[in-house]
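The values are calculated or read from the model by the stated rules, or taken from the named source; none is laboratory data. Predicted model, so just to flag it, every value in this text is computed and none were measured. Glycine gets a Cβ as well: all are built from the backbone with ideal geometry, and neighbour counts include every protein chain shown. Ligands, DNA and RNA are stripped out before the accessible areas are found, and what is left, the full protein with its side chains, is counted by its heavy atoms. Shrake-Rupley method; radii C 1.70, N 1.55, O 1.52, S 1.80 Å.
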Amino acid sequence: MSPKAVTGPAAEPVPAVRAELFGPGRRATTAGLVLLTFVTAFEAMGVGTAMPAVIDDLGAVSAYAWPFAAFLAASVLGTVLGGRWCDVAGPRAALVVSPLVFAVGLLAAGTASTLAQLLVGRVLQGASAGAQFVAVFVTIAAVYPERARRAVFGLMSSAWVLPSLVGPPLAGFVTDRFSWHW
């Protein structure tokens with residue numbers, strides 16, 4: 001089948017959606033956006049599974065909800081600030097800086113020996129996830145034609161499937177066999 005599809009009453013040739021997503025000009029962008037979503041999804045699935053061991057190890061059972069609340073509150077703030085950042089400078093810098101800050105947050109939380117350090121890590125993760133979320137959406141609007149956006153959002157949603165299926169058992173295995181720090 002030809003890479004061009006013919007649609008519409010005027011029968012104008014319109015590039016196929018696959019070519020819009022994975023053509024030479026957008027292949028890296030599509031792969032990068034899906035990879036960012038995939039990594040974030042794995043982190044989310046792993047944290048939910050490992051958190052009981054984390055809180056138990058830190059001796060903070062009464063503060064069980066705080067790491068989740070810190071992430072969510074920071075992600076709201078990150079979404080607002082990330083939106084402003086993208087409005088002023090475009091999404092490129094946010095797409096580079098946000099994953100780096102997320103990694104610093106992962107490192108801070110993963111090496112935590114106190115609840116305070118864990119919360120700092122979770123705030124960094126949440127703020128960067130919020131900014132990254134906005135930057136991804138701005139990128140989709142800027143890079144892909146309207147007819148291809150549904151397919152991009154479908155890919156983004158599908159990036160949660162494997163982490164949702166494999167993430168919790170894998171996180172449980174790693175937590176039990178090695179340590180929640182991993």
Query raised in the report: How far is helix 66-89 tilted off the main Cα axis of the chain, in degrees rounded to 10, range 0 to 90?
Result: 40
Requested in this report: Return one whole number: the accessible area per residue of region 17-75 in Å², for a 1.4 Å probe.
Outcome: 52
Report task. Please report, largest first and rounded to whole Å, the three semi-axes of the ellipsoid equivalent to the chain, where each semi-axis is the square root of five times an eigenvalue of the C-alpha gyration tensor. Result -> 37, 19, 12
Query raised in the report: If you average the sequence gap of Cα pairs under 8 Å that are 6 or more apart and divide by the length of region 1-157, what percent do you get for the contact order?
Result: 27
Query raised in the report: Which value in deg cm²/dmol, rounded to the nearest 500, describes the helix-derived mean residue ellipticity at 222 nm for the chain, given -39,500 (n - 2.57) per DSSP H run of n ≥ 4 and division by the residue count?
Result: -26500 deg cm²/dmol
Requested in this report: Could you tell me how many degrees, from 0 to 90 and to the nearest 10, lie between the Cα long axis of helix 161-177 and the main elongation axis, the longest principal axis, of the Cα atoms of the chain?
Outcome: 20
Report summary line: Measuring from the longest principal axis of the C-alpha atoms of the chain, the long axis of helix 115-143 (C-alpha) lies at a number of degrees, nearest 10, equal to 0
Query - the chain - charge dipole about Cα centre, Lys and Arg +1 at Cβ, Asp and Glu -1, debye rounded to 20 - result: 560
Report summary line: Expected max-MSF residue from A108, A50, A63 in the GNM of the chain (alpha carbon, under 10 Å) is A63
**Report entry** For region 107-128 versus region 22-70, the gap between their alpha-carbon centres in whole angstrom
**Finding:** 12
